[in-house]
1. Output ³J(HN,Hα) for segment 89-106: one whole-Hz value per residue in order, computed from phi by the Karplus curve 6.51 cos²θ - 1.76 cosθ + 1.60 with θ = phi - 60°, and x for Gly and Pro.
2. Among Leu411, Leu44, Leu359, which one moves the most in a GNM of the chain with springs linking Cα atoms closer than 10 Å?
3. Could you calculate the FRET efficiency of Ser62 with Arg124 from 1/(1 + (r/R0)^6), where r is the beta carbon distance between them and R0 is 22 Å, rounded to 0.05?
4. What is the spread of the Cα atoms of segment 195-304 along each of their three principal axes, largest first, in whole Å?
5. Zone of Ala55 (label point 7 Å along Cα→Cβ, backbone N under 16 Å): which residues in segment 10-32?
6. Starting from the Cα of Lys30, draw a straight line to each of the lysines and keep only those under 24 Å, dropping any in the same chain fewer than 8 residues away.
7. Top mean-square fluctuation among Met142, Met414, Met160, Gaussian network model of the chain, C-alpha springs under 10 Å?
8. Suppose each label sits 7 Å from its Cα in the direction of the beta carbon; what would the Ser110-Arg178 distance come out to in nanometres?
Amino acid sequence: MRRTFIEELPQKIGEQVTIRGWVNALRDQKRMQFIVVRDETGLLQVVLGKDDQAAQLNEQVSMLTAESAVTVGGTVVADERVKLGGLELRLEVLEVDSLAEPELPIAPDSALDKRIDWRYLDLRRPDRRLIFEVQTTAEHAMREFWRAEQFIEIHTPKLMGSASESGAELFKVEYFDRTAYLAQSPQFYKQMAMAAGFGRVFEIGPVFRANPSFTSRHDTEFTSVDVEIAWIESHDDVMSFQERWLAHVLAVVKDVHGEEIERTFDTELIVPAVPFPRVTLAEAKELLREGGHDAPGAEHDLDPPSERALSAIVKQKHGNEFAFVTDYPTSVRPFYHMRYPDRPTVTKSFDLLWRGIELTTGAQREHRYEQLLAQAEEKGVETAPIQYYLDFFRFGAPPHGGFGFGLTRLLMQMLGQDNVREVTFLYRGPHRLEP
């Protein structure tokens, strides 16, 4: 018999169906047995009376354990007294596909690290599944917008012969008779696509950072979302694109999952108005000081407390959860960020803050070969290992810029979670390589 999903049952009243899923709960009473079965789409109450005719089936039910994988067959009956959708299944057939051990190693309130040890069990929870339903919808909405704007999807190498950002956070791997590095970013290859005339590109793919941090927003392997756009006038064009694109993504997610997100995670997903507020880094620090907060010095980036405080100030002033912070000094930006001609120590760059956390980093890139060489030399970057990258700009490169961010940070903020580990399918950190 064809498998029926639980969400289809309101259209199957009076019919015989086959449901396949897991035992969510079991009540073995004096006269009746109740099994709550869970599949990908919901919960169903399955009932069986105790009598001589059902004795063998009763014995099968009595032997069940929570989280056993089962196939149940029977007749769908409407009963308004049933809390699970006003429906139940009168059990006629039970097949135990895989009996679970009687003692589960985790519970919903187990510590996060313990739940990650048994991640596949943790992910069986409907609220965990919702995270990845939202992720799927968000990625589809991203691609939908990109394709409507004539973007091309690329897949860049993850094995590299030199650093793609800086040499500080590289994973080294043996590569035949030499050393290779896991890619920290697709940045160099996004820019190659600009020199190749692709115009507009995106990538959703893994990146690797040998970062020993144990904060709630860092990991050593994550999915990066990257965009690069050619023939721009300035980084303002990149910000304008990003805010339109992000507002579309959030609108789609809210339309599809908004009510369930609010019900499950007690957080409202707000679709932002565009344009987002923009403040320079210098203005941001002045706002912080005016608000009674400590602000990092002139040559320093915003620290996490400053990001939280600034987001609160911007929301109070402008009613928007998002804010672009622009014009970072060269001291905290890579050599390939373009600089203002009249302010050579300031870059045409930005960060996007959302609800107190840095979501994305972006900039206009330097596309002029000689200027790029000069900036690399000034920053002390050894050019020989990245000459292949510098060569991208020797034969006519368009003005371009882009941005990138970690998908898990977006999901964490979207769903009101406290840690990227909650929204990562399998987390990797300094002390975790399993499961």
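1. Working through the residues one at a time gives 10, 7, 5, 10, 9, 9, 10, 8, 6, 7, 7, 6, 4, x, 10, 6, x, 9 Hz.
2. Fluctuation is largest for Leu44.
3. 0.45
4. Extents along the principal axes, in whole Å: 47, 40, 35.
5. None, by backbone N distance to the label point.
6. Straight-line reach from Lys30, under 24 Å: Lys50, Lys83.
7. Maximum fluctuation in the GNM of the chain, among the listed residues, is at Met160.
8. That separation, rounded to one decimal, is 4.5 nm.
The values are calculated or read from the model by the stated rules, or taken from the named source; none is laboratory data. Because the structure is predicted, anything quoted here is derived from the model rather than measured. No Cβ is skipped: glycine too gets one built from the backbone with ideal geometry, and neighbour counts run over all protein chains shown. All accessible areas refer to the heavy atoms of the entire protein, side chains included, with ligands and DNA or RNA removed. Shrake-Rupley method; radii C 1.70, N 1.55, O 1.52, S 1.80 Å.
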